[in-house]
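Inspection log for the structure reproduced underneath, given as structure tokens.
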Amino acid sequence: MSTSAIRILYFGPARERVGSESEVIDVATPIDIDSLWSHLIDRHPSLQTIRSSCRLAIDMQYAETGDCVNTGSEVAILPPVAGG
Amino acid sequence: MTRTATNLAPETNCGLTVDPIDVDAALRRAYRADCGAVASFLGVARRTSSSHPGRSVTRLEYEAYAPMAVRELETIAQEAIARYGAAHVAAVHRIGVLELGEAAVVVVVATPHRAEAFDACRYVIEQLKLRVPIWKKEVFDDGSEWVDPRP
């Protein structure tokens, strides 16, 4: 296990709460998505109230519980989608 | 463009645009000599809000996780080809600021016969709404709200 930088992208209401479209954070990888969420909520407490409604994508694929983020991955925080 | 060959390979036309959607061009691209049916769906920016009845929407603002959105649109188009035998699937979504009455999304499907065209067109728009990472903000005179379409 090593510490590495992963890029986090925020969209819609998540972007507004964080106040930024993206950031690079240093975490120990691989990191499962529950642990990553805890890390992100520590940085941005305003994400807490929307966490349960958000999905997470790793390298443009929807992640499932238990999935891990590896070094160099791009993670996106995806609030409920509303296309159309 | 007029096509005269038969049994052409299925094709897709998926993407995002910040400019007004050229609906006529999307329809024309779907015409094929091997397809007797073209079905289309347009989603249009609407004044009324489902989640805020009684408030008037003044404009919509869409944003997307663009590379993933295009990839999901393409995946859905390929599913429509596999499930319904579609020979052409277009799914183009607009992002940015939309005035009321402007098209936010167009879906166009060509199939040999009409039943599959309607089914495939509906499949594409319903899956788009479930899966494609696009967000919509309704702007009112006195504020704005992100749309959460979950029941």
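Take the residues in the stretch B:55-72 that are of a type in the set (A, V, I, L, M, F, W, C) and in a strand (DSSP E or B), then tell me which one is nearest to A:GLY12 (Cα to Cα).
Within the stretch B:55-72, the match that is nearest to A:GLY12 (Cα to Cα) is B:ALA64.
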Do you know which of the residues in the stretch B:130-151 that are surrounded by fewer than 16 Cβ atoms within 10 Å (Cβ to Cβ) and within 13 Å of A:GLY84 (Cβ to Cβ) is farthest from the chain's Cα centre (by Cα)? B:PRO149
Residue that is nearest to the chain's Cα centre (by Cα), among those in the stretch A:23-42 that are exposed (fewer than 13 other Cβ atoms within 10 Å of the Cβ) and either among the aliphatic types (A, V, I, L, M) or farther than 19 Å from A:THR65 by Cβ (or both): A:VAL24
Determine, yes or no, whether A:VAL75 is among the aliphatic types (A, V, I, L, M), at negative phi and within 14 Å of another protein chain (Cβ to nearest Cβ). yes
Only one of (1) of a type in the set (Val, Ile, Thr); (2) more than 29 Å from A:LEU56 (Cβ to Cβ); (3) buried (at least 18 other Cβ atoms within 10 Å of the Cβ); (4) out of contact with any strand residue (DSSP E or B) (no Cβ under 6 Å at 6 or more places or on another chain) is not met by B:THR48, so which one is it? (3)
Condition first: away from chain B (no Cβ under 14 Å) and closer than 19 Å to B:TRP135 by Cβ. Now tell me which residues in the stretch A:21-45 satisfy that. A:GLU23, A:LEU40, A:HIS44
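Could you list, in sequence order, the residues of the stretch B:82-105 that are surrounded by fewer than 18 Cβ atoms within 10 Å (Cβ to Cβ), within 28 Å of B:PRO53 (Cβ to Cβ) and either touching a residue at least 40 places away in the same chain (Cβ under 8 Å) or within 14 Å of chain A (Cβ to nearest Cβ) (or both)?
Within the stretch B:82-105, B:GLY96, B:GLU99, B:LEU100, B:GLY101, B:GLU102 qualify.
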Search the stretch A:1-17 for residues being away from chain B (no Cβ under 14 Å) and surrounded by fewer than 20 Cβ atoms within 10 Å (Cβ to Cβ), and hand back the single one that is modelled with the highest pLDDT. A:ALA5
Just the residues that are within 13 Å of chain A (Cβ to nearest Cβ), charged (D, E, K, R), touching a residue at least 24 places away in the same chain (Cβ under 8 Å) and assigned to a loop (DSSP other than H, G, I, E, B), please, taken from the stretch B:106-151. B:ASP148
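The values are calculated or read from the model by the stated rules, or taken from the named source; none is laboratory data. Nothing here was measured: the structure is a model prediction, and the numbers come from that model. Positions of Cβ are backbone-derived with ideal geometry, glycine not excepted, and every protein chain shown enters the neighbour counts.
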